[in-house]
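The values are calculated or read from the model by the stated rules, or taken from the named source; none is laboratory data. These figures come from a predicted structure and were not determined experimentally. Note that each Cβ is placed from the backbone with ideal geometry, even for glycine, and that neighbours are counted across all protein chains shown. When the accessible area is computed, the model is the full protein with side chains, heavy atoms only, and any ligands, DNA or RNA have been set aside. Shrake-Rupley method; radii C 1.70, N 1.55, O 1.52, S 1.80 Å.
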Amino acid sequence: MEDHIERFLAALQAERGFSLTTVSAYRNDLRQFVAYLRNIPAEDHIESIQGWEQLSNDHLNAYSVYLRERSYAPSTVARKTAAMKSFSAYLWRDGILQSELGSSLSTPKVDKYLPKAISQSDVLRLLEEPLRETPERPESIRDRAMLEVLYATGMRVSELVSLDLEDINPGDGSVRCQGKAGRSRSVPLGDRAIAAVQIYRQSARDRLTRAETRPLFVNHRGGRLTRQGFWLILKSYAERAGIDDITPHTLRHSFAMHALNKGAELRDVQQLLGHVSISTTQVYRQLANAGKASGEGTEGAS
């Protein structure tokens, strides 16, 4: 049964461009589903199965009830249900099942929350924090450059830490980043970010690594900085700057909201963020409107 799961997950990555994080979550969800199907509790009054050809709507419905009874958050139940339905459809298309299952399976409603952005004054404070106490440390210079690039471009943290030296083009002031499903895009950096990256490359990077390595941003051992490493760095500076409830995506959200507040077109922001569908970007219009309604201005970082 696990072999079919792995083939399904490989198809999600190759054909639909699912991220490694989503694939990993689906793998855990489906393995939990398999464990349930092989040892269904007696009180569920349905036979356990040992092969996918035995799967029925009764199994899907029983498992749905099983999940809801275990106090999972609605968002978690929704994801597990989506994984189960999507996998069942895959089994039907692959000829393992004789009919498509799960059409009557309900998914719990998940409240949609606007992404959290911070004000431009908070952004400016955060950008200045790395050099405030230790301006000569190579790590501080690197961290300032990373934060400047992240806010100037709105790129994802995974895109930031994946940057190589050749991705920066000082000539036209742009950076090439590799997005989801192998889609690359070129994004303007702006004067502040270009200057911060140039200072880092000229005065700090060689102090972190002497090796001929490709990564733009390196850790203290000279290797590529990881997403987890960046998250710890960001969290530390946010605490020092007195900014609460920050996540690695906060600067991306803030970039989008501030750009719209300054008059950028939604289509332009969509392209800069690397969204396939403009509906994904439209949430930032709501965020920008909410910011205006609460008195959020456009002063501060540029």
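Miscellaneous remarks
- What the pair-distance distribution of segment 118-172 shows, using all Cα-Cα distances binned every 10 Å from zero, is 21, 48, 29, 1 percent.
- Rh (Kirkwood; distinct C-alpha pairs) - segment 57-110, Å: 11.5 Å
- Segment 1-65: equivalent-ellipsoid semi-axes (sqrt of 5 x gyration tensor eigenvalues, Cα, Å): 25, 12, 10
- Where the Cα pairs of segment 126-264 fall when distances are cut into 5 Å bins, in %: 2, 10, 20, 25, 23, 14, 5, 1, 0
- With respect to the chain, whose longest principal axis is taken over its alpha-carbon atoms, helix 278-293 is tilted by about 60°.
- Equivalent ellipsoid of segment 87-149: semi-axes from √(5λ) of the C-alpha gyration tensor, largest first, are 52, 19, 7 Å.
- Estimated Rh, the chain: Kirkwood, alpha-carbon pairs, angstrom: 22.0 Å
- Helical content alone sets the calculated 222 nm signal of the chain at -17500 deg cm²/dmol, taking -39,500 (n - 2.57) per DSSP H segment of four or more residues and averaging over every residue.
- Charge-dipole axis of segment 92-237 as Lys and Arg at +1 and Asp and Glu at -1 on Cβ define it, positive-most pick from GLY223, LEU97, THR209: LEU97
- Overall, the ratio between the Cα radius of gyration of segment 165-223 and 2.2 N^0.38 Å, rounded to two decimals, is 1.21.
- Shape call, segment 208-290: gyration tensor on alpha carbons, a/c limit 1.5: oblate
- Phi angles of segment 37-52 translate, via the Karplus equation with coefficients 6.51, -1.76, 1.60 and θ = phi - 60°, into HN-Hα couplings of 5, 7, 9, 5, x, 4, 5, 7, 6, 8, 6, 5, 10, 10, x, 5 Hz per residue; Gly and Pro are given as x.
- Computed from point charges on the beta carbon alone (+1 for Lys and Arg, -1 for Asp and Glu), the dipole magnitude for segment 1-115 about its Cα centre is near 520 Debye.
- Take segment 148-223 with all the other protein chains still there, run a 1.4 Å probe, and you get 47 Å² of accessible area per residue.
- Dipole of the chain [Lys/Arg +1, Asp/Glu -1 at C-beta], most positive-end residue of ALA73, VAL187, LEU266: VAL187
- Probing with 1.4 Å while keeping every protein chain in the model, the per residue accessible area of segment 58-137 equals 56 Å².
- Across the accessible surface of segment 99-171, with the other protein chains kept in place and a 1.4 Å probe, carbon and sulfur atoms take up 48 percent.
- Within the chain, longest stretch free of exposed trypsin sites (Lys or Arg not before Pro) [DSSP loop, at most 16 other beta carbons within 10 Å]: 1-69
- Cleavage-rule hits, chymotrypsin sites (Phe, Trp or Tyr not before Pro), segment 88-187, DSSP coil, Cβ neighbours within 10 Å at most 11: TYR113
- Computed from point charges on the beta carbon alone (+1 for Lys and Arg, -1 for Asp and Glu), the dipole magnitude for the chain about its Cα centre is near 440 Debye.
- Charged side chains reduced to their Cβ positions (Lys and Arg at +1, Asp and Glu at -1) give segment 160-229 a dipole of some 320 debye around its Cα centre.
- Between 0 and 90°, nearest 10: helix 74-93 axis offset from the chain longest Cα axis: 60 degrees
- Carbon plus sulfur fraction of accessible area for segment 1-95, probe 1.4 Å, in percent: 46 percent
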